[in-house]
Amino acid sequence: MITTRLLLKHVILGIILLSGIASFSQAIKVERILVENRQNPLGIDLVKPKFTWILASDKFNVNQSAYQIQVSNSEDFKNPIWDSGKQQSDQSVHVTYAGPDLKSLTYYYWRVKVWDQNNSASKWSVIGKWQMALLDTSDWQVKWITANPESTTAKQSPILRTEFRISKEIKTATASITARGLYEAQLNGEKIGDAYFTPGWTSYNKRLQYQTYDVSKQLKQGLNTIGAQLGEGWYSSPLAWNDNIYGDKSALLLQVNVVYADGTSEVFGTDENWKSSSGSIQYSEVYNGEFQDSRLNKENWSQSGNNEGIWLPVNVEDFGFDNLIATYNEPIREHESFKPIEVIKTPEGDTVLDFGQNLVGFVRVRASGKPGDTIKLDHAEILTRENNFYTDNLRAAKQQNTYVLNGSKNQVFEPTFSWQGFRYVRLHGFNGEINPDDFTAIALYSDMSKTGSFSTSNALLNQLQHNIEWGQKGNFLDVPTDCPQRDERLGWTGDAQVFASTAAFNMQVDNFFTKWMKDVAADQLDNGSVPYVIPQVLRDGDSGSAGWADVATIVPWELYTHYGDRDILLDQYESMKAWVAYMQSQSTNYLWNKGNHFGDWLFYRPDDDTDGRAAITDKYLIAQCFFAHSTQLLANTAQVLGNNKDYQKYTTLLKNIKEAFLKEYVTPSGRLVSGSQTAYVLALNFDMLPIELRSQAADRLASNIRGYNYHLTTGFLGTPYLCKVLTRFGYHDLAYTLLMQKSYPSWLYPVTVGATTIWERWDGRKPDGTFQTPTMNSFNHYAYGAIGDWMYTELAGIQTEITTDGVGYKKISIRPHFENKYSSEDVKNQNQGEPLTEVNASLETYYGAVESSWAIEQGQTVLKVAIPVNTTADVFLPEADSGKITVNGKALNSFRAIIFRSSSEDETQISLGSGLYTFTFNKS
Ligand code: BGC
């Protein structure tokens with residue numbers, strides 16, 4: 001049996017009161033359509049792309065009973081290349097293309113039509129389109145090029161360009177571009193596309209993404225100039241305490257395929273005829289920032305006829321095409337912008353701008369001055385308690401942008417190939433009065449759509465949610481990173497796995513993680529071990545830490561449950577198996593007690609620990625728990641994939657792992673050898689204990705929390721499951737009390753001292769205003785934000801059923817905790833006001849928006865629920881007097897749209913189809 005979040009604790013005394021399926025005809029329409037989870041994507045290199053459509057109706061209980069898809073080469077659909085015909089199926093997400101082979105760079109148009117359960121048909125959807133990428137390495141007809149070494153110094157960003165002539169009418173023109181390093185491409189004086197830091201970051205030697213752009217509007221008949229400037233980026237900047245991890249030479253590969261109106265075609269792109277030069281960028285690095293001398297700018301370098309400066313022939317390189325892949329995730333784009341909220345003169349005499357939000361991106365600055373005047377911007381996350389600019393926690397990362405002015409008025413600067421993590425900016429070289437309007441902080445992150453919203457009647461909790469979201473924005477810059485500011489910014493696997501589920505509530509992270517998981521598999525060692533960071537840029541052998549390497553099983557499973565696409569399991573299956581096999585190979589009698597582990601990273605550890613309050617958890621106990629968890633997820637996966645042999649194999653393995661755990665780490669009376677919260681949380685969450693030992697373990701956990709005066713003591717690995725376990729074992733009030741705890745260590749402590757993002761440590765800034773050790777003290781680290789999952793699933797109660805026909809919110813549960821009491825008078829008295837009176841949450845799924853919003857007004861609870869078309873939901877109302885429940889203003893049992901209900905003393909369960917419902921009820 002697959003584990004499910006829906007532990008039905010109550011006996012359902014179900015009686016079907018009313019079939020209620022409305023007999024009137026159902027209006028159904030296709031509202032939005034997606035290919036590979038994106039709208040009208042370009043550059044798909046999957047030969048069988050998948051379609052998803054989101055349905056809408058203003059009726060209740062609407063389901064899809066059949067669909068028909070047509071795919072065509074033209075928008076008129078006169079000769080579809082594939083017509084699925086009417087398929088009797090309720091599948092509306094991830095439907096696989098099953099027509100003839102798709103061709104490189106070809107545009108395809110598609111539409112879908114559906115029938116509801118009464119067989120009444122929708123109209124055809126809008127017409128969607130997508131374009132295939134270059135499907136075969138032989139499609140690349142251009143050559144890798146590097147700058148002529150005479151045209152740039154080692155650190156300067158080279159510019160490479162060419163001119164070519166178009167003499168016929170253009171039908172389509174597609175640019176496929178990538179680089180070793182970063183590139184910013186231009187065509188006829190304009191940037192191509194609006195993405196930053198292309199081609200993104202992957203395990204470059206095995207997987208290098210190219211981007212696909214429609215340049216048909218930017219190209220013109222006559223002479224065209226195309227080219228790109230290159231930066232070092234992740235490819236060759238100092239990274240992870242090394243230089244030139246992937247190579248020391250930036251290179252460009254650019255191909256433009258033009259199809260003319262007369263049906264002929266032509267290919268242009270990088271070759272030996274290109275020329276290179278340099279421009280204003282003197283250096284640009286990930287950690288250290290960018291240096292531009294605008295006196296050296298070749299402003300119009302991509303405009304035909306502009307021959308400013310010296311251009312030398314490029315070198316052709318033989319780098320091959322084997323590692324090239326199309327881009328699957330969303331590009332990094334510009335998002336929110338901020339103006340300074342204050343110009344601060346610090347006690348140390350610095351002029352510092354405060355943008356009010358810790359963010360990742362850069363400052364766009366407007367400046368005027370004499371030629372050669374130099375301005376500098378330093379970036380920091382926080383000020384000291386004395387109000388001085390603080391950069392010690394950036395370690396070796398300089399985070400400094402330097403601009404040399406050329407004497408013209410109102411020059412605008414921003415880095416091209418670097419970004420910073422900051423809230424505060426220190427200014428150098430600015431003369432006269434500072435005009436805040438000259439500065440704009442721009443947030444950059446992967447352009448994932450926002451899917452979740454969560455707000456409550458408590459302002460601190462709302463700020464916590466804000467901080468979680470900003471932790472995500474700042475660290476989802478093409479790969480999930482630990483932090484975005486110090487000399488690290490790496491794809492730490494542990495951080496990513498603990499946060500993945502929360503991330504999937506806040507934003508559509510499907511493609512983002514799917515792409516990154518392929519890098520996990522690509523960088524996985526031959527023996528199955530998984531590196532600490534992905535892409536792997538640390539030392540060989542830096543791998544295999546429990547709770548980090550389990551990213552290989554946890555993230556695919558989370559993606560499957562949130563998005564309902566079993567292909568992620570299929571694609572990652574070998575990698576998942578290899579990781580479990582590795583743990584098994586390191587075990588003796590199923591006990592895994594070897595190797596290096598980070599353990600419950602950054603758990604509570606008081607400075608002067610004379611009475612042994614540090615919450616240390618045995619690292620091998622943790623390892624054994626994750627060994628079991630990964631094996632459980634692998635067994636689940638085998639079952640989903642219909643691989644019964646593997647399912648049996650991993651179920652047996654799991655049994656042995658748990659037995660070994662009991663023998664080694666649990667006393668006969670059920671005490672764990674480590675008495676920490678994390679030890680009990682992991683043992684309970686992963687079902688390591690036999691049922692009869694679970695409630696005493698939960699009691700021990702609860703009394704441990706009380707022993708710390710209602711504080712958590714967990715680190716990276718225990719924290720994500722802490723409140724879940726408490727709620728599951730009947731200690732919801734304690735979970736709520738921990739959440740609302742304002743004193744350190746707690747989630748709200750940083751909020752009370754002004755945090756705008758999640759911190760790496762519970763006490764990054766201590767109550768006395770001093771900082772934790774600068775060697776490890778990021779103020780933008782999302783891991784502890786993993787509480788977000790519990791806020792959505794338990795406070796708002798939005799859950800998906802985790803069964804093969806329920807995942808991805810096809811079957812929904814709305815199970816909020818309306819009653820959230822403090823179990824500690826202390827916490828209650830921390831000026832928290834009344835316990836929550838309101839929670840509003842929504843989640844945009846592949847079926848549409850799910851909503852669960854509740855408010856308690858004068859003893860009456862009002863719950864608003866939105867259930868998308870083609871899904872069903874169970875709503876759970878605890879202790880409600882079922883006779884007095886109303887739905888949309890009517891008595892429950894007279895409401896025709898409700899298809900099933902049942903009740904017990906503790907709980908009323910109402911089964912619903914799609915629609916918008918407002919329930920009101922009183923506690924019985
Ligand atoms: C990172 C963490 C990471 C850890 C491993 C740190 O330097 O910032 O978030 O998971 O190393 O212990």
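Computing Rg and the Kirkwood Rh from the Cα coordinates of region 470-526 gives a ratio, Rg/Rh, of 0.96. Restricting region 824-913 to GluC sites (Glu not before Pro) that sit in a DSSP loop and have at most 13 other Cβ atoms within 10 Å of their own Cβ leaves Glu905. Structural descriptor for the chain: relative contact order 12 percent, calculated from alpha carbon pairs under 8 angstrom and at least 6 residues apart. The order of Asp318, Asp139 by accessible area, most exposed first and with a 1.4 Å probe, is Asp318, Asp139. Net charge of the neighbourhood of Phe389, taken over other residues with C-beta under 12 Å away and scored Lys/Arg +1, Asp/Glu -1, is -4. Between Asp318 and Lys48, full extension at 0.36 nm per residue minus the direct alpha carbon distance yields a gain of 94.1 nm. Over region 726-880, accessible surface divided per residue gives 29 Å², non-protein components excluded, 1.4 Å probe. Of the whole protein surface, Arg385 contributes about 140 Å² of accessible area at a 1.4 Å probe radius. Across region 318-471, Cα-Cα pairs more than 22 Å apart make up 51 percent of the total. In straight-distance terms, cross-link reach from Lys86 covers every one of the lysines whose alpha-carbon lies under 19 Å from its own, apart from those fewer than eight places away in the same chain; here that gives Lys29, Lys50, Lys78, Lys113, Lys123.
Measuring against 26 Å, Cα to Cα, the residue pairs Lys103/Lys129; Lys48/Lys249; Lys59/Lys890; Lys658/Lys742; Lys220/Lys409; Lys473/Lys515 contain Lys48/Lys249; Lys658/Lys742; Lys220/Lys409 as the ones spanning a longer distance. Solvent-accessible area of Arg566, all protein chains in place: 100 Å² (probe radius 1.4 Å, heavy atoms, ligands and nucleic acids excluded). Rounded to the nearest 20 debye, the dipole size of the chain about its Cα centre is 1540 debye, using +1 on the Cβ of Lys and Arg and -1 on the Cβ of Asp and Glu.
Length gained on full extension, Asp136 to Lys890: 265.3 nm, using 0.36 nm per residue less the C-alpha separation. For the chain, the Kirkwood hydrodynamic radius comes to 29.6 Å, computed from all pairs of different C-alpha atoms. Within the same chain, aspartates and glutamates fewer than 8 places from Lys923 are excluded, and of the rest, those with a Cα less than 15 Å from its Cα are Glu819, Glu857, Glu879, Asp881, Glu905, Asp906, Glu907.
Considering helices alone, the calculated mean residue ellipticity of the chain at 222 nm is -6000 deg cm²/dmol, with DSSP H runs of length four and up weighted by -39500 (n - 2.57) and normalised per residue.
Counting only lysines at least 8 places from Lys663 when in the same chain, those with an alpha carbon closer than 25 Å to its own are Lys594, Lys619, Lys649, Lys655. The residues packed around Lys103, meaning those with a beta-carbon under 13 Å from its beta-carbon, carry a net charge of -4 if Lys and Arg are +1 and Asp and Glu are -1. Translational diffusion coefficient of region 226-273 (Stokes-Einstein, Kirkwood radius from Cα pairs, 10 °C, 1.306 mPa s): 118 µm²/s. For Glu838 and Thr106, the difference between the fully extended length at 0.36 nm per residue and the C-alpha to C-alpha distance is 258.4 nm.
For the set Val753, Val862, solvent exposure ranked by accessible area (probe 1.4 Å, protein chains only) runs largest to smallest as Val753, Val862. Computed from the C-beta positions of Gln648 and Ile341, the FRET efficiency with R₀ = 56 Å rounds to 0.40.
When all alpha carbon pairs of region 787-857 are counted in 5 Å bins from zero, the resulting P(r) reads 4, 15, 22, 20, 16, 9, 7, 5, 2, 0 %. Remark: region 901-915, residue by residue, has Karplus-estimated 3J(HN,Hα) of 8, 8, 8, 10, 4, 7, 7, 10, 10, 10, 9, 10, x, 5, x Hz, where x stands for each Gly or Pro and the curve is 6.51 cos²θ - 1.76 cosθ + 1.60 at θ = phi - 60°.
Positive contributions from Lys and Arg (+1) and negative ones from Asp and Glu (-1), summed over other residues with Cβ under 15 Å from the Cβ of Val673, come out at +1. Mind pulling up the Rg/Rh value for region 234-336? Radius of gyration and Kirkwood radius, both on Cα. In region 234-336, Rg relative to Rh is 1.00. Distance between the modelled labels on Lys663 and Ser216, one decimal in nanometres: 6.8 nm (7 Å Cα→Cβ projection). Take the Cβ atoms of Ser743 and Ser457, set R0 to 22 Å, and the FRET efficiency comes out at 0.55.
The values are calculated or read from the model by the stated rules, or taken from the named source; none is laboratory data. Nothing here was measured: the structure is a model prediction, and the numbers come from that model. Backbone-built Cβ (ideal geometry, glycine too); neighbour counts: all protein chains shown. Remember, those area values only see protein heavy atoms, side chains included, never the ligands or the DNA or RNA. Shrake-Rupley method; radii C 1.70, N 1.55, O 1.52, S 1.80 Å.
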